1. Looking at this structure, is residue 209 closer than 19 Å to residue 108 by Cα and either in the same structural domain as residue 291 (by TED's automatic domain parsing) or in contact with a helix residue (DSSP H, G or I) (Cβ under 9 Å, 6 or more places away or on another chain) (or both)?
2. Which ones in segment 367-395 are among the hydroxyl-bearing types (Ser, Thr, Tyr) and at pLDDT 90 or above?
3. Go through segment 247-264 and report how many residues are assigned to a helix (DSSP H, G or I) and not acidic (Asp, Glu).
4. Name the single residue, out of those in segment 169-192 being among the aliphatic types (A, V, I, L, M) and modelled with pLDDT under 75, that is surrounded by the most Cβ atoms within 10 Å (Cβ to Cβ).
5. Would you check if residue 366 is among the small types (Gly, Ala, Ser), assigned by TED's automatic domain parsing to the domain that holds residue 320 and surrounded by fewer than 19 Cβ atoms within 10 Å (Cβ to Cβ)?
6. How do the strands (runs of 3 or more DSSP E) wholly within segment 309-403 filter down when requiring 3 or more residues that are within 25 Å of the chain's Cα centre (by Cα), within 18 Å of residue 297 (Cα to Cα) and of a type outside the set (A, V, I, L, M): which remain?
7. Could you tell me whether segment 104-113 includes any residue that is at pLDDT 95 or above, closer than 30 Å to residue 217 by Cα and out of contact with any helix residue (DSSP H, G or I) (no Cβ under 8 Å at 6 or more places or on another chain)?
8. Could you say which residue among 128, 151 is under 16 Å from residue 259 (Cβ atoms), surrounded by 17 or more Cβ atoms within 10 Å (Cβ to Cβ), assigned by TED's automatic domain parsing to the domain that holds residue 200 and basic (Lys, Arg)?
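The values are calculated or read from the model by the stated rules, or taken from the named source; none is laboratory data. Since the model is a prediction, treat every value here as computed from it, not as a measurement. Methodologically, a virtual Cβ is constructed for each residue, glycine included, from the backbone with ideal geometry; neighbour enumeration extends over all protein chains shown.
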Amino acid sequence: MSDDGAPDRIVGDRYRLEDRLAAGGLSTVWRGTDLEREWPVAIKVERDGTNEPAQVTRHFERECHWISHFADAPTPASLVQFVDASIDGADRYVVSELIRGGALADRIVEGATPGVDTVASLGRPICRALAFLHDNGVAHLDLKPANVLCRRRGPPAVIDLNSAVRVGDGSSPLFHHDPYKPPELSPTDAQDEPAGPHSDVYSLGVLLYVLLAGSVSGCDGTKLADWAPIDPWSRGIECAADLATVVRRATEPLPSDRYEDARVLLDALESVLDGSARMATLTAESTGVRIGVRPGECVGRFDPAGEIPAIVLPDEDGYLSPTHARIDRTHEGWILVDRSLNGTYVERDGEWRYVCSRDGLERRRSAGEAVPDTRPADRVRLTDGSRIAPVRPDSGPVLRFEC
């Protein structure tokens, strides 16, 4: 499909292309509308005539593969929310949420205030998106400010999975010199080193430095011996010694000297920013996909008109609330607090318990739906191995809680 004269073209019998947002070597991104849901979306379509058809096909196949892999799983808010994708028929396209705040690259150029607060508000959620991918055996391999979009509300979102690979498959793609790429992905004498989560760790380290300093001066030598870790202190950047250590270790030239993956890097960063790296894990029983959850975070469905929850659950039928439940930690341990209009089921010690917010009970009564004779609590304690069914135990996602 050519993108010439594309406005008002319908792809996939559902998505209308409207305004061109960006163009790259292999694809063009359009603002458009999901005609089925009447949602604004971003639609990436192939560019004909500029590359070998096989190269374009591989580009879309890789991204479609990972979109399908995570389609029925919980995902972090800091990973772009995908809507649909197809490589069949005449159209090849990827549809995702429309993010209107621009790329992180633009924000850096426009002079966003660098410093520790920016690392916390932007760097931490970006690390979390990569930690999610690494926890589930995927390396992104092309993290850079141009591949991070800034929402007007909520965390930034990592985009573009077209270079992503399965960890351990031996892939080691080669990129042009780029300050965010480690030696093993650059034209150096280290390019025979296998790529993996450690490669993303390097990119994250450079990105954290940029958020601290406001600019980047990376390494681009052709020999590994010419590379050195980025040290904020030696470059005159004021920050805590522990934060400087995080950046330095993440950007070590040798993969073995870096953090193992983004989860280990995130734990180190959390300890510096908050003094604690306490997290629990939710695992989707149907897919095995795992995601970390911090105290006070909400799970729920994606709503393009509202603020995105920290953990987005699949919900084709719109049963879930955008902020369906909050998972928190008190002096007595972990708890789930229902905030939905339909309630949540939690299994503990082999027994399913129904919890529902006050607003949810009132809505159900007003709608003439059956409600328990005894008013249910709006919260329940979570223990290691508890199961959470945001819809019903026999329908929708079931998540296993581990702490």
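1. yes
2. Within segment 367-395, 383, 386 qualify.
3. 9
4. Looking at residues that are among the aliphatic types (A, V, I, L, M) and modelled with pLDDT under 75, I get 190.
5. Considered against the rule, which asks whether it is among the small types (Gly, Ala, Ser), assigned by TED's automatic domain parsing to the domain that holds residue 320 and surrounded by fewer than 19 Cβ atoms within 10 Å (Cβ to Cβ), residue 366 comes out as yes.
6. Ranges flagged: 325-330, 399-402.
7. no
8. 128
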